[in-house]
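Take a look at this one; I'll ask things after.
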Amino acid sequence: MGELLLEREQYNSAMTSSEETVGKDIETEYLRVVVNRLPNEMLLKIFSLLDVKDICYSTRYVCKRWNVLSNDEALWKNFEFVCTKNMTLEYIYKMLRSARLLRAVVLQWRLDTAGILEVLCKCCPDIQRIQLICCGMINLNTMEMLAARYPGLLHLSMGKSFSVQRDCFDVLGQFRKIQSINLSHSRLTGEQLASIVDSCPDLVEINIDYVRGIEERYILNLIAAKKDTLVSLAVFGDRVTDSTFVALQECKKLCSLHISQCGLLSDRGLKSLSSLKTLSSLKLRYASNISYSGLCKFLLQKMLSGLKYLSLSRSNKFDDVCALSISQNCASLQELDLSYCPNVTAEGIRTLSQGCKSLKVIYYNVFNPEHSVFMEKIVFKVPCLTRAGTEPGGSLIKDLAVIHPPKYSGSMASLVLTDSSQLTSDSQHLGIYSSPVASLVLTDSSQLTSDSQHL
């Protein structure tokens, strides 16, 4: 009897397994038929969610119809191929040879830039955007090759690239149709900047942040030439005075203005910015020469209501009263950088979190007045940032202690006030604390730069 029962169970198990296999085959066949019945427009929309590798080595070989759609020019307009530092040259060359319709390429931390760009020029004739992030060994021959191959290039970024020969910048004027250019942290000269501005009539986005030594007359020349079209400008500003800010009043389309060194900016120049009604992103770093009353008046200007990003980092004037002005006036603000502002307290941060309904992130360093330094390490607990507390600072920072003031030059610790809905598992932050409304994150201040997020 026991043997019969065992055989019966084995039979039922085999039948169930067979039925499941048949069911899965039918389901797969049904899905295949349904997908093939989709119109071309919907399939192209699905393909647009894939990456270059999927298109080149998967969809292209499914069937004739998918092969045709995989080579649709409209599909490739939004694709970019990212060459990371860990990719082998063999793989990169293989991908470039298979992606003839490619429009955009990004190189990250590559020292073999010249070889990759040479293959790019041979295999991809329609490139419109080239982004070189922290790449090295860029020489004159490479730039001349790019200018000859892609005279219609629209976007070029060489930000933070190193070992770039200075005469490479002499070639940039040959990109006559270029619209945006990023030369931050480079050795660009004022004369080369003037040549680029004069040779590129369509140029509307310019990033020369951390390019030191550019005389103000070249910046004024840039503004005068582009006042009717300039959309975005980022400069280091070590030579920039109020004259530049007054000249910027004529730029009626300016949406983004980032100046990293505002030591020569006074109340007169700051006041002139109030006429820039189209600004959505503003950085005024190291603005130590403006008065407290001048800053307070500026923060009440109507033009700030449209800002989505504002940086006043390293301001020795900004305090909790200024924070209150921002909370009442900047309804659209999403990101605020108050790094190394010694006079703003936890109460000011709480005011901002309650008043700015769209605010998602605040960069903020707690200052230790006893040692006149910013804290290196912070211990804290945050149950809820928007809940008012009875003690100074409320429940914003319930536990806060200085471990030791820094004894060496290194990364400071920072508090980042962040909307918890924005904190994903692949976040760059070191710690994530769940909260119904917002969270505080302990973060290395070296990660808090905005150069990579804004032009």
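The values are calculated or read from the model by the stated rules, or taken from the named source; none is laboratory data. Source: prediction; values computed, not measured. Using ideal geometry, Cβ is built from the backbone for each residue, glycine included, and neighbour counts are taken over all protein chains shown. These accessible areas exclude ligands, DNA and RNA; they are computed on the full protein's heavy atoms, side chains included. Shrake-Rupley method; radii C 1.70, N 1.55, O 1.52, S 1.80 Å.
Could you please report the charge total around Met145, scoring K, R as +1 and D, E as -1 over all other residues with beta-carbon less than 12 angstrom from its beta-carbon?
Summing Lys/Arg as +1 and Asp/Glu as -1 gives 0.
Once you put a point 7 Å from the Cα of Arg212 and another 7 Å from the Cα of Lys53, both along the Cβ direction, what distance in nm separates them?
Going by the 7 Å Cα→Cβ label model, 4.1 nm.
Let me ask another. Which FRET efficiency value, to the nearest 0.05, is calculated for Ala74 and Lys94 with the Förster distance at 30 angstrom and r the Cβ-Cβ distance?
So the FRET efficiency works out to roughly 0.75.
Could you tell me which trypsin sites (Lys or Arg not before Pro) in segment 99-198 are loop residues by DSSP with no more than 11 other beta carbons within 10 angstrom of their beta carbon?
Here no trypsin sites (Lys or Arg not before Pro) fit, given the DSSP loop and packing criteria.
Okay, next question. Pick out, in residue order, every one of the GluC sites (Glu not before Pro) in segment 62-102 that is DSSP loop and has at most 16 other C-beta atoms within 10 Å; say none if there are none.
Glu73
Among the GluC sites (Glu not before Pro) in segment 275-371, which ones are in a DSSP loop with at most 10 other Cβ atoms within 10 Å of the Cβ? Mind listing them?
Answer by residue number: Glu370.
Roughly how many percent of the accessible protein surface of segment 45-85 is carbon and sulfur, given a 1.4 Å probe and a whole-percent answer?
Accessible surface attributable to carbon and sulfur in segment 45-85 totals 55 percent.
Still on this structure: Between Ser195 and Lys227, what FRET efficiency comes out of the Förster formula 1/(1 + (r/R0)^6) with R0 = 25 Å and r the beta carbon distance, rounded to 0.05?
Efficiency at R0 = 25 Å is approximately 0.85.
If you roll a 1.4 Å probe over segment 261-300 with all protein chains in place, what percent of the accessible area is carbon or sulfur?
56
Got a sec to turn the phi values of segment 138-155 into Karplus ³J(HN,Hα) couplings, 6.51 cos²θ - 1.76 cosθ + 1.60 with θ = phi - 60°, whole Hz, x for Gly and Pro?
Result, rounded to whole Hz: 9, 10, 5, 4, 5, 5, 5, 5, 5, 5, 6, 7, 10, x, x, 4, 9, 9.
Stretched out fully, how many nm does the piece from Ser274 to Ser291 gain, at 0.36 nm a residue minus the Cα gap?
Contour length minus Cα-Cα distance gives 4.5 nm.
Got a sec to turn the phi values of segment 122-136 into Karplus ³J(HN,Hα) couplings, 6.51 cos²θ - 1.76 cosθ + 1.60 with θ = phi - 60°, whole Hz, x for Gly and Pro?
Whole-Hz 3J(HN,Hα) from phi for segment 122-136: 6, 9, 10, x, 10, 4, 10, 9, 10, 10, 10, 9, 6, 9, x.
May I ask for the distance between the Cα centers of segment 145-180 and segment 59-106, given as a whole number of Å?
Rounded to whole Å, the Cα centres lie 23 Å apart.
Okay, moving on. Work out the FRET efficiency for Lys85 and Ser358 from their Cβ-Cβ distance, taking R0 = 35 Å, and round it to the nearest 0.05.
Efficiency at R0 = 35 Å is approximately 0.45.
With θ set to phi - 60°, apply the Karplus curve 6.51 cos²θ - 1.76 cosθ + 1.60 along segment 157-163 and write out the HN-Hα couplings as whole Hz, x wherever there is a Gly or Pro.
10, 10, x, 6, 6, 10, 6
Using a basic spin-label model with each label point 7 Å from the Cα along Cα→Cβ, how many nm lie between Asn139 and Lys302?
Label at Asn139, label at Lys302, 5.8 nm between them.
At what distance in nm do the modelled label points of Ala147 and Lys177 sit from each other, each positioned 7 Å from its Cα along Cα→Cβ?
Going from the Ala147 label point to the Lys177 one covers 1.8 nm.
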